[in-house]
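Beneath this line is the structure, given in structure tokens, with notes to follow.
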Amino acid sequence: MILKALFFYLFAGVTVASAFMVIAARNPVTSVLFLILAFVNSAGLFILLGAEYLALLLVVVYVGAVAVLFLFVVMMLDVDFVELRQGFLQYLPVGGLVGLILLVELLMGLGAWVILPELTANTVEPTPPLTEMSNIEALGSVLYTKYIYFFQVAGLILLVAMIGAIVLTLRHKPNVKRQDIPTQVGRTREAAVEVRKVETGKGI
């Protein structure tokens, strides 16, 4: 019980501190690093509650989506990539600190799982008659049977939102060459190939 409380205060403290640094940091790269740290520690809190599906969802979906979110932020703010590359070493201490904290937490979690397996046992059981399944199996069974239509509608809404975000952030610049498929398909041999007779000893 003491070990479980220790892990709770560890995850909660790092989550609150990293969440504060997300809004306090002036650099977007630093904010993204602390946001990833906050998501990972929130996943640890969900594992302690027995909601392993939400923990995996945070790590796989949200941490993966942070990179896409950061890409849209860079596109909308028009951040200078050359300046970011030049200042790469200044982000190294922050990135190293975040990586070190994550490594320590992973080692502590693996050690606790080996020493005390009941620490991460499910404390929240699925509703009857799904008690014989795990939380993920029970959630999938309900989601893809009873709520399948709502699930499909949510997917369509997310698809529309994704297309809208791409359209809003897409910028057409006059000096950028773009592909014109009808022109490429409809071109003839005369327009694509030019035959020249070169005199001997002279170039084109």
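Quick notes on this structure:
- Qualifying residues in the range 121-157 (those that are of a type in the set (S, T, N, Q) and at pLDDT below 75) - the one least open to solvent (accessible area, probe 1.4 Å): ASN135
- Under the condition of being touching a helix residue (DSSP H, G or I) at 6+ places or on another chain (Cβ under 9 Å), of a type in the set (A, V, I, L, M) and not in a helix (DSSP H, G or I), the residues counted in the range 1-31 number 1.
- Tally, over the range 39-60, of residues that are out of contact with any Gly (no Cβ under 9 Å at 6 or more places or on another chain), of a type in the set (Val, Ile, Thr) and closer than 21 Å to GLY140 by Cα: 2
- On inspection, PHE20 fails the criterion of being of a type in the set (Phe, Trp, Tyr), under 16 Å from the mean Cα position of the chain (by Cα) and more than 15 Å from ILE136 (Cα to Cα).
- Close pairs (9 angstrom Cβ cut-off, 6 or more residues apart or separate chains): within 22 Å of PHE72 (Cα to Cα) and open to solvent by 100 Å² or more (accessible area, probe 1.4 Å) in the range 171-185, modelled with pLDDT of 70 or more and part of a loop (DSSP other than H, G, I, E, B) anywhere: HIS172/ARG178
The values are calculated or read from the model by the stated rules, or taken from the named source; none is laboratory data. In this text the structure is predicted, and so the values were computed from the model without any measurement. Because the Cβ atoms are built from the backbone with ideal geometry, glycine has one as well, and the counts that use them run over all protein chains shown. Please note that ligands, DNA and RNA were not included when accessible areas were found on the heavy atoms of the full protein model with its side chains. Shrake-Rupley method; radii C 1.70, N 1.55, O 1.52, S 1.80 Å.
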